[in-house]
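Take a look at the structure below.
The values are calculated or read from the model by the stated rules, or taken from the named source; none is laboratory data. As the structure is a prediction and not an experimental result, all values here were calculated from the model. So basically every Cβ, Gly included, is an ideal-geometry build from the backbone, and we count neighbours across all protein chains shown.
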Amino acid sequence: LPSTVQGDLSVENVTFAYEPGRNVLRDISFDAPAGSMIALVGETGSGKSTLTNMIARYYLPDSGVVRIDGYDIRQLTSRSLAKVVSVVPQQNFLFTGTVGENILAGREGATIEDAIAALRSLDCEWLLDDLPEGLDTQAGSRGGRVSLGQRQLICFARAVVADPRILILDEATSAVDTMTEMRIQHSLGRLLESRTSIVVAHRLSTIKSADQILVFDHGRIVEHGKHQDL
Ligand code: ATP
Ligand code: MG
């Protein structure tokens, strides 16, 4: 992928089943031009997270193609794809190590200052004071010293450090308290303005600001358009 990636995303006729015969995505197609924001809505189990997983190439489509700037993502190295696409997953994931290491994993060569700047840009710098040993606090899959909401913030900060052209937020604030969510919502406009974003959201304010809303039902897009059109 050239270093000047725009972040044009297109999903073309993607079909996918975790288990043979049970399609979870059915002929999904849409375009997210560079810089645009797409909101995914739809009932639980309708395939929203699965689609985000396809875009990050955690799974490959059974048929159809995901393209970034016209390149089939199957042709990209994991490394170049990871530079372009970051996901704040619904099921937050921390690896064994410190909170700082988890945040800095977003980008090679990132520094502590980048981690702090990422938290600041989310208006969540206070996290450092709340954690028993700040950025040196041990995290990890069994890291009992980090709460669920804190884990989610750490994943969010990791994605901000990555500074990707394409940012995917899958219920990225579902585990944080209302106050924290409001602060992040407030910062979100600035975080998203210069990138392509795919946001799985229930909040009307998020959905309203989307350039396009895709309504999922049983693995299909059943409606799409702007908020005022739906
Ligand atoms: P929610 O709003 O609850 O997050 P969702 O729209 O994100 O739902 P998905 O997580 O994409 O839904 O799940 C879509 C379907 O795929 C569901 O029927 C689910 O049971 C199934 N599914 C999800 N992950 C797996 C998996 N790892 N293995 C098998 N089936 C899965
Ligand atoms: Mg989901």
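Determine which member of the set 57, 67 is touching a helix residue (DSSP H, G or I) at 6+ places or on another chain (Cβ under 8 Å), on the phi > 0 side of the Ramachandran plot, in contact (Cβ under 8 Å) with a residue 24 or more places away in the chain and away from ligand 1 (no atom under 13 Å from the Cβ). Step through it out loud before you land on a result.
Values: 67 fails: on the phi > 0 side of the Ramachandran plot.
Just a single option satisfies the conditions, and that option is 57.
Take the stretch 83-118 and flag every residue that is in a helix (DSSP H, G or I) and in contact with a Leu (Cβ under 6 Å, 6 or more places away or on another chain).
Passing the criteria: 99, 100, 102, 115.
Among the residues of the stretch 28-51, how many are out of contact with any helix residue (DSSP H, G or I) (no Cβ under 8 Å at 6 or more places or on another chain) and within 8 Å of ligand 1 (Cβ to nearest atom)?
So the count comes out to 9.
Between residues in the stretch 164-183 that are within 16 Å of ligand 2 (Cβ to nearest atom) and residues that are of a type outside the set (A, V, I, L, M, F, W, C) and not in a helix (DSSP H, G or I), which pairs lie under 6 Å by C-beta distance while being six or more apart or on different chains?
Every condition considered, the pairs that remain are 170/89; 170/90; 171/90.
Just name the residue that is farthest from residue 70 (Cα to Cα) out of those in the stretch 11-21 that are of a type outside the set (A, V, I, L, M, F, W, C) and either at pLDDT 95 or above or crowded, with 16+ Cβ neighbours inside 10 Å (or both). Steps first, please.
In the first step, residues of the stretch 11-21 are kept if they are of a type outside the set (A, V, I, L, M, F, W, C); the result is 12-13, 15, 18-21.
Narrowing further to those that are either at pLDDT 95 or above or crowded, with 16+ Cβ neighbours inside 10 Å (or both): 12-13, 15, 18-19.
Details: 12: 11, 13: 15, 15: 19, 18: 26, 19: 29 Å.
The qualifying residue farthest from residue 70 (Cα to Cα) is 19.
Tally the residues that are charged (D, E, K, R), more than 13 Å from ligand 2 (Cβ to nearest atom) and outside any strand (DSSP E or B), restricting the search to the stretch 13-58.
Of all residues in the stretch 13-58, those charged (D, E, K, R) come to 19, 22, 26-27, 31, 43, 48, 57.
This time we only want the ones that are more than 13 Å from ligand 2 (Cβ to nearest atom), so: 19, 22, 26-27, 31, 57.
Pick out the ones that are also outside any strand (DSSP E or B) and you get 57.
Going through the stretch 13-58 one residue at a time, the tally reaches 1.
Taking the criterion of being within 16 Å of ligand 2 (Cβ to nearest atom) and among the polar types (S, T, N, Q), would at least one residue in the stretch 209-230 satisfy it?
No - not one qualifying residue is present in the stretch 209-230.
So for the stretch 215-228 (the condition being more than 16 Å from ligand 1 (Cβ to nearest atom) and either among the aliphatic types (A, V, I, L, M) or touching a residue at least 40 places away in the same chain (Cβ under 8 Å) (or both)), does at least one residue qualify?
Looking for residues that are more than 16 Å from ligand 1 (Cβ to nearest atom) and either among the aliphatic types (A, V, I, L, M) or touching a residue at least 40 places away in the same chain (Cβ under 8 Å) (or both), one finds none in the stretch 215-228, hence no.
Answer yes or no as to whether residue 183 is among the charged types (D, E, K, R), surrounded by fewer than 20 Cβ atoms within 10 Å (Cβ to Cβ) and closer than 18 Å to residue 87 by Cβ. Break it down stepwise before answering.
On the way: among the charged types (D, E, K, R): yes; surrounded by fewer than 20 Cβ atoms within 10 Å (Cβ to Cβ): yes; closer than 18 Å to residue 87 by Cβ: no.
So residue 183 fails the test.
Out of the residues in the stretch 60-91 meeting the condition of being within 16 Å of ligand 2 (Cβ to nearest atom) and surrounded by 15 or more Cβ atoms within 10 Å (Cβ to Cβ), tell me which one is farthest from residue 171 (Cα to Cα).
Applying the filter and picking the extreme gives 87.
Checking the structure you have, find out if any residue of the stretch 118-130 is surrounded by fewer than 19 Cβ atoms within 10 Å (Cβ to Cβ), among the hydrophobic types (A, V, I, L, M, F, W, C) and under 16 Å from the mean Cα position of the chain (by Cα).
No, every residue in the stretch 118-130 fails to be surrounded by fewer than 19 Cβ atoms within 10 Å (Cβ to Cβ), among the hydrophobic types (A, V, I, L, M, F, W, C) and under 16 Å from the mean Cα position of the chain (by Cα).
May I ask you to list pairs of residues, at least six apart or on different chains, whose Cβ atoms are under 8 Å apart, with the first in the stretch 117-136 being over 16 Å from residue 183 (Cβ atoms) and the second being among the aliphatic types (A, V, I, L, M) and assigned to a loop (DSSP other than H, G, I, E, B)?
Between residues of the stretch 117-136 that are over 16 Å from residue 183 (Cβ atoms) and residues that are among the aliphatic types (A, V, I, L, M) and assigned to a loop (DSSP other than H, G, I, E, B), the close pairs are 131/146.
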